């Protein structure tokens, strides 16, 4: 056995079976996730009973991929720059889960490199408590 320098108590507190850790992590775990293509909405019911209702157009504006992040940074430096493309009218055409931590959205303009982590999505958009 390798000594990690942690005490036995520290390892026990950080273990996945710890109830406090499990409850805290539930706020970032979807119980149900629906991509509503016709309405261009992402609805997530989180395990802790909160619902997020997100606009896909807004998610495109905050896309976390390197290209979009760089475009936003350049826009902050030079507000008169020419945009690569106008996100208005661009729609999500497909979505795919990425492991158990994120969702990838494919857009009508071919963009598909943005991976939206659930932790990020939890902090975006309208949230309400569900009745379940």
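The values are calculated or read from the model by the stated rules, or taken from the named source; none is laboratory data. Owing to the predicted nature of the structure, the values given are computational and were not obtained by experimental measurement. In this analysis, Cβ positions are derived from the backbone assuming ideal geometry, glycine residues included, and neighbour counts consider all displayed protein chains.
Note on region 36-49: residues that are buried (at least 16 other Cβ atoms within 10 Å of the Cβ) and in contact with a helix residue (DSSP H, G or I) (Cβ under 8 Å, 6 or more places away or on another chain) amount to 6. Restricting region 87-110 to residues that are farther than 24 Å from residue 46 by Cβ and in contact with a helix residue (DSSP H, G or I) (Cβ under 8 Å, 6 or more places away or on another chain), the residue that is modelled with the lowest pLDDT is 87. Residue 33 falls short of the stated requirement of being under 15 Å from residue 117 (Cα atoms), modelled with pLDDT of 95 or more and crowded, with 17+ Cβ neighbours inside 10 Å. Please verify whether residue 74 is within 26 Å of residue 107 (Cβ to Cβ) and at pLDDT below 90, treating the condition exactly as stated. Judged against the criteria, residue 74 is a match. Scan region 63-83 for residues that are surrounded by 15 or more Cβ atoms within 10 Å (Cβ to Cβ) and under 18 Å from the mean Cα position of the chain (by Cα) and the total you get is 3.
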